[in-house]
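J.: Have a look at the structure that comes next, please.
The values are calculated or read from the model by the stated rules, or taken from the named source; none is laboratory data. These figures come from a predicted structure and were not determined experimentally. Cβ: placed from backbone, ideal geometry, glycine included. Neighbour counts: every protein chain shown.
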Amino acid sequence: MTARTQIAGVRVRPVQAPLRGRAAPPGSKSITNRALLLAALARGTSRLTGALKSDDTARMAEALRAMGVAVDEPDATTFVVHASGRLEKPAGPLFLGNAGTAMRFLTAAVSLVDGTVVLDGDHYMRERPVGALAEALGMLGVSARATAGKPPVTVEGHGGFSGERVEIDASLTSQYVSALLMLAACGEKPVEVALKNVDIGARGYIDLTTAAMARFGAQVEPLENGVWRVEPTGYIACDLAIEPDASAATYLWAAEALTGGSIDQGVPADAFTQPDAAAHAVIAAFPNMPAVIDGSQMQDAVPTLAVLAAFNETPVRFTGIANLRVKECDRISALSMGLNAIRPGLAREEGDELVVQADPSLAGQTRPARIDVRGDHRIAMAFAVAGLKVGGIVIENPACTAKTWPEYWDVLADLGVELEFE
């Protein structure tokens, strides 16, 4: 996408036949950014294969390099991390763009730096919450200040932390919990990480974190509901093969279902360990998707499911998605506006829920609509799926997909989708 960064929009031409072929989704963003940080905190050399190379992972790698970690990239899907087990004070602020995982994970990790570290991002990032994590770090003796609870964040590092228990309100994002868990293994004593509210969204991502920690030698024991005990093991360098990104796979699953096609992604749906893989069963039910879909445990798949629901036989209500308000953009609003741009009344917001009215007759129609994706990669990629069946759809700012899938438009083109860049 580097050659297309100045392109205003892309018109997706409806396909005239089922999409068939092979298309490999990129490596998991969630696992790649966890593995990069854990490898940086380990002593020795770690080789991460099948990794995602995108804006989000580039931000993480650049920040780690700024803190004295050698991160090599011998090919398009590999990171080789050479680390001493310590993070050095960077020469200036860490700029993390709109990479939420990098911002939350590093806000905790830089507690291990001896010195003051400022973490900042673009104007989108400066609207995303981090205050609860900064407050929780105070329980570990770390001073972290966030501007009105949002970046930039200033962390006063002292080469470590104190405290044996930290409680966190993770109602907005499970990334807070993951950040604290990964930090906790670097202490001098066991640390308990406890939820203030056990009902959190995307809890499967915490399991993803503890699994990655275990690969790097950490010991994490779940206690009663919402409490984890982390032993002070530190981390051991290792080689890790990263699985494909389940969130990215949802666009191909939806394209397959909507066009009646067959796309070989090289990995069966049941082989994914990421929470968004649960979307496959919902997509497989199309055009008879459930009347109510709880999106709390597959949040990044909701844009895909909502766009597909527009072509369902019956209306679909999405619940448990309040956290989508504080993603790269307000995704509930963006989905509602985008769907209504295609056909007025196609969607509506009810509190923090989204109702998609469903209109299977849309397939084959021409409904001129420019989709304002608000700089959000998932909104852009999801609405491209609608363009496979509805003429006239233009996705604005197509380059934003570089955040997690730089080759997305090339993959669609290779499957036979006609794209017209403006």
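J.: Please go through segment 177-212 and give me each residue that is in a loop (DSSP other than H, G, I, E, B) and either surrounded by 16 or more Cβ atoms within 10 Å (Cβ to Cβ) or at pLDDT 95 or above (or both), ordered by number.
T.: Within segment 177-212, Ala185, Cys186, Gly187, Glu188, Lys189, Pro190, Ile200, Gly201, Ala202, Arg203 meet the criteria.
J.: With respect to Gly50, is the statement that it is surrounded by fewer than 24 Cβ atoms within 10 Å (Cβ to Cβ), outside the structural domain of Gly375 (by TED's automatic domain parsing), farther than 29 Å from Ser162 by Cβ and modelled with pLDDT of 95 or more true?
T.: So Gly50 passes the test.
J.: Could you tell me which of the residues Ala8, Ala76 is within 21 Å of Cys400 (Cβ to Cβ), exposed (fewer than 15 other Cβ atoms within 10 Å of the Cβ) and modelled with pLDDT under 95? Can you show your working first?
T.: Details: Ala76 fails: modelled with pLDDT under 95.
Sole residue among the options that is within 21 Å of Cys400 (Cβ to Cβ), exposed (fewer than 15 other Cβ atoms within 10 Å of the Cβ) and modelled with pLDDT under 95: Ala8.
Per-residue answers, yes or no, for (1) closer than 27 Å to Asp264 by Cβ; (2) small (Gly, Ala, Ser); (3) outside the structural domain of Met125 (by TED's automatic domain parsing); (4) at pLDDT below 95:
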residue	(1), (2), (3), (4)
Gly364	yes, yes, yes, no
Asp376	no, no, yes, no
Met381	yes, no, yes, no
Leu388	yes, no, yes, no
Gly391	no, yes, yes, no
Ile395	yes, no, yes, no
Ala402	yes, yes, yes, no
Pro406	yes, no, yes, no
Asp414	yes, no, yes, no
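J.: Does Leu240 meet the test of being of a type outside the set (Lys, Arg), touching a Pro at 6+ places or on another chain (Cβ under 9 Å) and touching a residue at least 40 places away in the same chain (Cβ under 8 Å)?
T.: no
J.: Output the residue which, of all residues in segment 158-176 that are touching a strand residue (DSSP E or B) at 6+ places or on another chain (Cβ under 6 Å) and in a strand (DSSP E or B), is nearest to Gln297 (Cα to Cα).
T.: Glu167
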